[in-house]
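The values are calculated or read from the model by the stated rules, or taken from the named source; none is laboratory data. Everything quoted here is computed from the prediction, not taken from an experiment. Cβ coordinates were reconstructed from backbone atoms using ideal geometry, including for glycine residues, and neighbour counts include every protein chain displayed. When the accessible area is computed, the model is the full protein with side chains, heavy atoms only, and any ligands, DNA or RNA have been set aside. Shrake-Rupley method; radii C 1.70, N 1.55, O 1.52, S 1.80 Å.
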Amino acid sequence: DELEREHDNLRAALEHLRATDPRRLLRMAGQLGWFWHAHSHLAEGRRRMAEALAGSAERDEDRARALSAAGALAGYQGDLATGRPLFDEAIDSWRTLGRERELAMTFFDLAWGCFFVGDLATGRRCMEESLAISRRLEDPALVNRSQLGLLQVLVALGELETVPLLCTEARELSRKLDDPWAEHFADHFIADCALMQGDYPTAAAHYARSLDAA
């Protein structure tokens, strides 16, 4: 919210850096990518990121972060044709840099980009990769995030036998993290499976729990 209040000042700073310092422009744009995503400034974020990336070709952390953000912004607009090459370069860079947490997050965003264009098989593989890296890092919040993303894809694929166990794990972890937002998704996906199987009482009970958590 504070960044939103300062958005015009941030825009002025970006314009200044675009004219004076391409390297700092790339760093600043990359660090703002999550904000443009979270507050739905998708088109503006994509434009800013394209300007920043055009000014530098060095394969370093600043470029990798900007590439990841640019891919996510494109993916969430359903433009995976543009986003996929950005993701691919970012993934290659994060691997080279040995930055596994960033790699897991980039696979997570790529998975959503695939999900939004209906490529569920690739989306599943990317979510599974994100989850595997997150487990290796022993990062509970990142594990939980990847679990929930994978669950959404599995529900869409109709993998009704796989979903309940992972939902239970995700719900328990959400509670340990004291994260009702995450917890409500876990119950929601259990309810989706029950509904798709015609078990309406179970679906209603879990939807109610999901609503309470939400």
Mind listing whichever residues of segment 39-59 are surrounded by fewer than 24 Cβ atoms within 10 Å (Cβ to Cβ), small (Gly, Ala, Ser) and modelled with pLDDT of 95 or more?
40, 43, 50
Pick out the one residue from 172, 183, 129 that is assigned to a helix (DSSP H, G or I), charged (D, E, K, R), more than 25 Å from residue 67 (Cβ to Cβ) and in contact with a helix residue (DSSP H, G or I) (Cβ under 7 Å, 6 or more places away or on another chain).
183
Close pairs from segment 79-95: first over 14 Å from residue 69 (Cβ atoms), partner not in a helix (DSSP H, G or I), Cβ under 7 Å, at least 6 apart:
80/117
Would you point out the residue of segment 151-168, among those that are open to solvent by 10 Å² or more (accessible area, probe 1.4 Å) and in a helix (DSSP H, G or I), that is nearest to residue 102 (Cα to Cα)?
152
Checked segment 60-83 for anything open to solvent by 40 Å² or more (accessible area, probe 1.4 Å), farther than 25 Å from residue 24 by Cα and either touching a strand residue (DSSP E or B) at 6+ places or on another chain (Cβ under 6 Å) or part of a helix (DSSP H, G or I) (or both); matches are 76, 81
So which residues in segment 195-214 are closer than 14 Å to residue 151 by Cβ and either over 24 Å from the mean Cα position of the chain (by Cα) or assigned to a loop (DSSP other than H, G, I, E, B) (or both), if there are any at all?
196, 206
Just checking, which of 136, 125 is among the charged types (D, E, K, R) and closer than 17 Å to residue 75 by Cβ?
125
